[in-house]
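> Take this structure first; my questions come after.
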Amino acid sequence: MMGRGEQGIMILPIQQNPTDLVLTIVAGRLDTPLTVLKHDTLQLGVWTLTFHIIGESHLVTIEHDQTPVLCEVLACADLSSQTCAHRHRFDDLAVSGFRSGQAHCFATAGYSVAVDFDDCLDHSPAADADGTLEMSFPEIAGQTPVTRIEWTQTGENTARWHTLHIYPREVGMVCVRSLSYFDSLHYNRTP
């Protein structure tokens, strides 16, 4: 089964594994071209947060006065960048397994992201989100992969966003969840 993204891009079923995921935080502009399937923005004064679904992955860009200052990417791709502030591969989960609980966290002044894995018992959307992007992908092994980004402006200068990436497996599904926080007053533009 195939589908089309918001941009009319043909989506083919691809078997991806959460152990192939890489969390990449880039200070400034991301140089690697990515295929954006859906996107939306949130304004925090002169700050713009743009949420992108890029395949079964996500990208969040943060700009100050239209200048990119931070990119958060969780994707099955090891992106290279000269301005990489942080990179974490989740290939160690192939050995330790997918246990509930925080798998990884990164924090700097005014920004943080935490990623964890579970067995997808509950993947319903949040009721209090200000905005949501969601995309379902072609079925694999009788199950539907999903990527969802939900965001909420939590104060005049702050926002948080959650992502959900559902990966079908032979014995159930694995959910990869991230929770990020941004505070424009305390953000250090050079992480």
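> Within the bounds of segment 51-61, is there any residue that is among the charged types (D, E, K, R) and either part of a strand (DSSP E or B) or modelled with pLDDT of 90 or more (or both)?
no
> With segment 117-189 as the region, which strands (runs of 3 or more DSSP E) entirely inside it contain at least 3 residues that are in contact with a Cys (Cβ under 8 Å, 6 or more places away or on another chain), at pLDDT 95 or above and buried (at least 16 other Cβ atoms within 10 Å of the Cβ)?
none
> Look at segment 1-35 and say how many of its residues are at positive phi and modelled with pLDDT of 85 or more.
Count: 1.
The values are calculated or read from the model by the stated rules, or taken from the named source; none is laboratory data. All of these numbers come straight from a predicted model, not from anything done at the bench. Note that we place each Cβ from the backbone using ideal geometry, even for glycine, and neighbour counts take in every protein chain shown.
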